[in-house]
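Structure, as structure tokens:
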Amino acid sequence: MSTEDKANEVSAEAQDQEPITPPTAPEQTGPGQGAGGPITLFFILGLVASLVLGWVIFPQLLYSHKEQPVQFNHVLHNEMVEDGCASCHFFREDGTYSGVPKLAQCIDCHEEVQGESEAEAKFVNQYVLKGREVPWLVYSRQPDCVFFSHVAHVKMGQMDCVTCHGDIGESESLKPYEANRITGYSRDIWGKNIAGIKFNSWDRMKMDDCSECHVRGNVNQGSVQTKRGGCFVCHK
Amino acid sequence: MKIDRRSFLSFAIGGAAGTALSPLPWKLIDDSSIWSQNWAWTPVPKKGETTYVNSTCTLCPGGCGISVRRVDDRVVKIEGMKDHPVNEGGVCMLGLAGTQLLYGPNRVQTPKKKVNGKWRNISWDAALSEIVEKLGDLRSNGQSHNLACICDSDRGTVPELLNRFFTVYGSPNFIRTPSIQDNYELALYLTQGVRAMPGFEIQDADFILSFGSGLIEGWESPIYMFRAKSALKEKGGRMDQIEPRLSKTAAKSDKWIVVNPGTEGALALGMANVIIDEGLFNRDFVDNYSAGFAEYKKLVIDGFSPSIVSKMTGLEVAVIARLARDFAGSRKPLAICGRGAGRNPGSLQDFLAVHILNALVGSINRGGGIVAVPEPDYIDWPEVEMDATASAGMQHPRIDGAGRGKYKSTRYLLNRLPEVINSGQESPVQVLFVTDANPLYTMADTEAVAKAFDKIPLVVSFSSYMDETSSKADLILPNHVFLERFEDVPFARGFPKPIIGLTRPVVEPLYNTRHTGDVIIQLAQKMGGPVAEAFAWDSYDACLEESLADKWDTLLEDGYWVDSEFSAAAQTRQFETDSSKFEFSNSDINALPVYHSVRIPGDESFYPLLLVPYDTMRLASGYIGSPPFLVKALEDTVLKVNDVLVEVNPATAKKLGLSHGKYATLTTPGGSAKVKVRFFDGIMPGVIAIPRGLGHTAYDKFLAGKGVNYNALSEPLEDAATGLDAAWGVRAKLSKA
């Protein structure tokens with residue numbers, strides 16, 4: 001700081017001190033003490049109201065609740081197949097991932113109604129017999145701007161389904177599908193916790209979760225072809 | 001407690017603090033950024049299983065194999081079939097854009113009938129009954145010969161079914177759309193006595209002399225020619241282009257030779273003069289395998305000395321002589337002709353002059369030469385039983401005059417049809433079928449064609465699209481598009497081996513359309529009597545499988561069948577003429593002895609310029625209209641928004657007072673149009689050019705109203721020897737708008 005600046009500073013301080021005169025001080029503190037209660041109260045009211053809005057009401061408004069078109073029991077099916085998840089969620093010959101099964105895979109067993117479950121009757125009568133695909137709501141569907149390859153992770157990276165999809169394979173029923181009313185995508189991408197706090201690896205599937213795992217395992221943090229990082233590795 | 005401004009501010013500050021401490025703002029920022037990148041209306045292809053279906057493209061006669069990529073049951077991309085003998089994985093822009101022809105908005109979705117000038121949807125049954133009733137009436141009145149048909153091809157099962165229908169019904173008037181194929185086939189017939197298709201072993205040649213052929217602009221089988229030209233160049237071969245305009249082919253050539261348009265045949269004869277005079281011709285071929293050489297020699301020595309040809313063509317004598325020596329001195333020279341993409345037949349004399357030039361250097365049935373590819377012979381149906389009406393009908397002369405009198409060697413003369421219809425009181429054609437053709441767009445002087453169509457009581461279009469001809473028709477019986485149907489593709493134009501491609505359904509038909517093959521069979525069966533008896537098939541697909549017999553399995557598996565042993569060199573030089581030799585001259589070759597340059601008629605003082613069309617791979621100019629992908633990819637030197645650019649040599653433009661980029665009025669005897677002027681040094685002074693394939697009046701907003709249709713401005717010019725349209729241009733005037 002130059003001497004000129006110091007001089008200016010000193011004079012500014014002197015100017016600030018000058019207007020403070022003793023007679024006015026008691027008048028100012030008097031009403032200030034009297035209004036302190038309501039002001040704090042209103043502050044707290046505003047604070048609480050907005051916290052309730054942000055933490056409780058907002059999540060309820062943001063997500064719609066939808067039941068799956070047909071109920072499905074993963075446990076029951078898992079017991080009957082030999083190859084675990086891959087029995088129905090398999091890789092095609094060209095390495096692409098089949099995702100949610102098509103009717104063609106179900107039809108072998110479900111040509112006719114079996115058992116007495118309501119869901120089974122609905123499935124066979126409304127979809128199998130009419131040849132209509134079930135419009136399953138996919139919890140893990142990423143936005144279209146995200147490129148993700150299952151084969152790179154499951155076959156090459158030897159990852160388990162559970163790491164990203166959790167224990168859905170052990171569920172006896174499908175939970176309601178919660179769609180974000182703004183983006184249209186599933187709540188499971190951001191995670192059930194509105195603050196984005198996660199306890200398990202599958203609780204949230206945002207970009208940071210991808211990179212977290214890639215950094216931790218020190219794998220492919222850029223393009224396989226160019227060996228360079230960049231948005232276009234995943235956002236095609 | 002007083003609630004004042006301070007309390008309110010305090011509440012707001014508390015609210016702001018609370019909001020900042022809640023996830024609301026952060027979540028909203030995140031969501032809105034995702035929303036803004038994934039708008040619901042952004043088209044996103046559906047995910048699904050990717051499969052490939054091997055098929056054959058039918059959008060031009062190139063016969064390319066295609067590999068159609070589907071995601072679940074939706075076509076997403078058309079690629080060239082790898083290892084296909086014609087295109088070896090290559091695909092042209094039109095083929096690539098074939099998906100737009102399947103899913104585009106211009107499909108005719110159900111049979112339609114025109115009632116008081118308006119289209120009404122009708123059932124297939126009603127449509128077929130209407131035609132059958134009309135045909136029945138004609139037949140019972142002994143007027144079966146008043147039925148005619150225009151079709152793109154006369155080979156393959158669908159054209160053959162039509163032909164069979166015509167024979168057993170009693171009409172000789174099956175007409176094939178004209179192209180250079182007519183003249184090439186005639187040249188082969190007159191000199192070698194064979195009804196066959198020309199095949200060119202371009203990749204094995206070492207000198208291609210092209211008399212205006214657009215080797216990389218859609219001539220014959222476009223992708224095969226692209227590949228062949230590249231192979232020729234890679235091997236160090238030479239390619240010279242004779243053309244009045246610097247086309248893309250000319251630009252890629254070793255030498256661009258500009259001659260007066262219409263005198264190309266004279267140049268070929270002038271070269272023959274030098275080759276014979278200097279003894280450079282192939283003695284083995286001329287001495288052992290040819291006849292009539294003496295007469296031919298006399299013709300070219302007397303009439304086509306380099307100095308005479310120099311005057312006709314505008315080339316210097318030394319240039320003609322050098323070209324002749326280079327050509328004859330090459331190991332495997334090959335001359336080709338047919339202008340641009342070969343849409344217009346041209347003049348037989350030019351084709352004969354060029355074909356005989358090949359004979360002179362021995363490039364007939366020799367590796368790297370031209371070979372006669374036999375017509376497909378797999379269609380072997382039982383003979384038809386014709387009744388008296390059919391026989392009487394077939395005895396009638398053809399309406400277009402082909403096959404008799406001065407046109408006795410010509411098979412089809414579509415270009416004569418409008419004049420024949422317009423000249424009489426009543427149209428000699430009472431019912432006209434149009435399939436795989438769009439004559440109201442592709443024929444010269446479209447106004448006269450439209451007038452003729454108006455006189456025909458019943459025009460039936462089998463087009464999948466609302467094209468110019470469909471719009472003018474009385475009934476439309478829409479065919480499946482090529483991605484929805486089975487069909488045989490019996491040749492690949494210009495490909496030097498017999499080949500059959502199989503077009504197969506890639507998706508279920510999207511609309512209430514029907515295979516034209518099935519429609520013909522059903523029409524015949526509804527007619528009853530001997531007509532029905534000739535069509536014993538249950539369906540077209542059954543007929544196709546039966547016809548292809550032992551080749552069917554190969555076709556299903558590989559997508560094509562090719563006679564790979566066939567080659568030019570393996571062919572005998574025993575020809576099918578009376579003399580069993582290649583005939584340089586005979587009593588039927590009367591076009592050459594009376595050779596004269598093809599001059600475009602018209603008043604030169606009023607129309608001082610010559611307008612020629614040019615072809616580009618970025619425009620479909622046949623019966624298929626360009627899909628949007630092609631129009632979008634057009635250079636702005638061809639089309640600017642809706643204005644076509646006319647290419648003018650700056651010297652010509654200066655004389656006419658025209659400026660680059662400014663509007664002008666282009667007038668021909670056929671009509672006039674507003675165009676934009678483009679200065680182009682690559683065009684001969686006095687000649688101007690516009691592209692083929694624009695100026696559609698029908699189709700959708702992506703194609704209609706863009707540019708000018710060259711055919712609408714042009715006028716046909718009957719070739720004296722064949723009756724085919726020999727015009728290569730039209731007289732024109734260009735003035736400031």
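The values are calculated or read from the model by the stated rules, or taken from the named source; none is laboratory data. Everything numeric here is computed off the predicted structure, so don't read it as measured data. No Cβ is skipped: glycine too gets one built from the backbone with ideal geometry, and neighbour counts run over all protein chains shown.
The table below gives the values:
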| read-out | value |
| --- | --- |
| Residue within the range B:662-676 that is out of contact with any His (no Cβ under 7 Å at 6 or more places or on another chain), over 19 Å from residue B:604 (Cα atoms) and in a loop (DSSP other than H, G, I, E, B) present | yes |
| Within the range B:262-292, tally of residues that are without any contact (Cβ under 8 Å) to a residue 24 or more places away in the chain and in contact with a helix residue (DSSP H, G or I) (Cβ under 7 Å, 6 or more places away or on another chain) | 0 |
| Only listed residue being at pLDDT 95 or above and within 15 Å of residue B:652 (Cα to Cα), chosen from B:674, B:733 | B:733 |
| Which numbered condition residue A:56 misses (of (1) farther than 17 Å from residue A:169 by Cα; (2) more than 8 Å from chain B (Cβ to nearest Cβ); (3) touching a residue at least 40 places away in the same chain (Cβ under 8 Å)) | (3) |
| Qualifying residue in the range B:51-66 (condition: over 22 Å from residue B:153 (Cα atoms) and crowded, with 22+ Cβ neighbours inside 10 Å) | no |
| Per-region count, the range B:1-23, residues facing chain A (nearest Cβ under 7 Å) and of a type in the set (A, V, I, L, M, F, W, C) | 6 |
| Positions within the range A:120-146 being more than 12 Å from chain B (Cβ to nearest Cβ), assigned to a loop (DSSP other than H, G, I, E, B) and over 21 Å from residue A:176 (Cβ atoms), in sequence order | A:129, A:130, A:131, A:132 |
| Segments classed as helices (runs of 4 or more DSSP H), wholly inside the range B:402-455, with at least 1 members that are among the acidic types (Asp, Glu) | B:417-423, B:446-455 |
| Test result for residue B:96, out of contact with any Gly (no Cβ under 8 Å at 6 or more places or on another chain) and either more than 30 Å from residue A:132 (Cα to Cα) or of a type in the set (S, T, N, Q) (or both) | yes |
| Candidates B:91, B:75, filtered to the one that is crowded, with 17+ Cβ neighbours inside 10 Å, in contact with a Gly (Cβ under 7 Å, 6 or more places away or on another chain) and either modelled with pLDDT of 95 or more or in a helix (DSSP H, G or I) (or both) | B:91 |
| Test for residue B:529: is it within 29 Å of residue B:188 (Cβ to Cβ) and not hydrophobic (A, V, I, L, M, F, W, C) | no |
| Inter-residue pairs, beta-carbon under 8 Å, first surrounded by fewer than 16 Cβ atoms within 10 Å (Cβ to Cβ) and in the range B:310-321, second in a helix (DSSP H, G or I) and among the polar types (S, T, N, Q), 6+ apart | B:316/B:310 |
| Selected residue (only one of B:228, B:205, B:266 is small (Gly, Ala, Ser) and more than 30 Å from residue B:577 (Cα to Cα)) | B:228 |
| Subset of the range A:199-214 (residues that are of a type in the set (Lys, Arg) and either closer than 14 Å to residue B:31 by Cβ or surrounded by fewer than 16 Cβ atoms within 10 Å (Cβ to Cβ) (or both)) | A:206 |
| Qualifying residue in the range B:393-404 (condition: in the same structural domain as residue B:541 (by TED's automatic domain parsing), in contact (Cβ under 8 Å) with a residue 40 or more places away in the chain, small (Gly, Ala, Ser) and at negative phi) | yes |
| Hits in the range B:581-595 (condition: loosely packed, with under 14 Cβ neighbours inside 10 Å and either within 30 Å of residue B:500 (Cα to Cα) or without any contact (Cβ under 8 Å) to a residue 40 or more places away in the chain (or both)) | B:587 |
| Matching residues, the range A:83-124, being surrounded by 11 or more Cβ atoms within 10 Å (Cβ to Cβ) and at positive phi | A:84, A:95, A:99 |
| Condition check for residue B:87: touching a Cys at 6+ places or on another chain (Cβ under 7 Å) and facing chain A (nearest Cβ under 10 Å) | no |
| Any hit, the range A:150-158, residues being touching a residue at least 40 places away in the same chain (Cβ under 8 Å), more than 11 Å from the chain's Cα centre (by Cα), more than 14 Å from chain B (Cβ to nearest Cβ) and not in a helix (DSSP H, G or I) | yes |
| Close pairs from the range B:406-432: first outside the structural domain of residue B:446 (by TED's automatic domain parsing), partner among the hydroxyl-bearing types (Ser, Thr, Tyr), Cβ under 8 Å, at least 6 apart | none |
| Residue ID - nearest to the chain's Cα centre (by Cα), chosen from residues in the range B:377-422 that are surrounded by 14 or more Cβ atoms within 10 Å (Cβ to Cβ) and hydroxyl-bearing (Ser, Thr, Tyr) | B:412 |
| Subset of the range B:682-737 that is free of Cβ contacts under 8 Å to residues at least 40 places away in the same chain and more than 21 Å from residue B:264 (Cα to Cα) - its residue that is nearest to the chain's Cα centre (by Cα) | B:704 |
| From B:137, B:154, residue being outside any helix (DSSP H, G or I) and among the acidic types (Asp, Glu) | B:154 |
| Selection from the range B:723-737 of residues that are buried (at least 21 other Cβ atoms within 10 Å of the Cβ), part of a strand (DSSP E or B) and out of contact with any Ser or Thr (no Cβ under 7 Å at 6 or more places or on another chain) | B:725, B:734 |
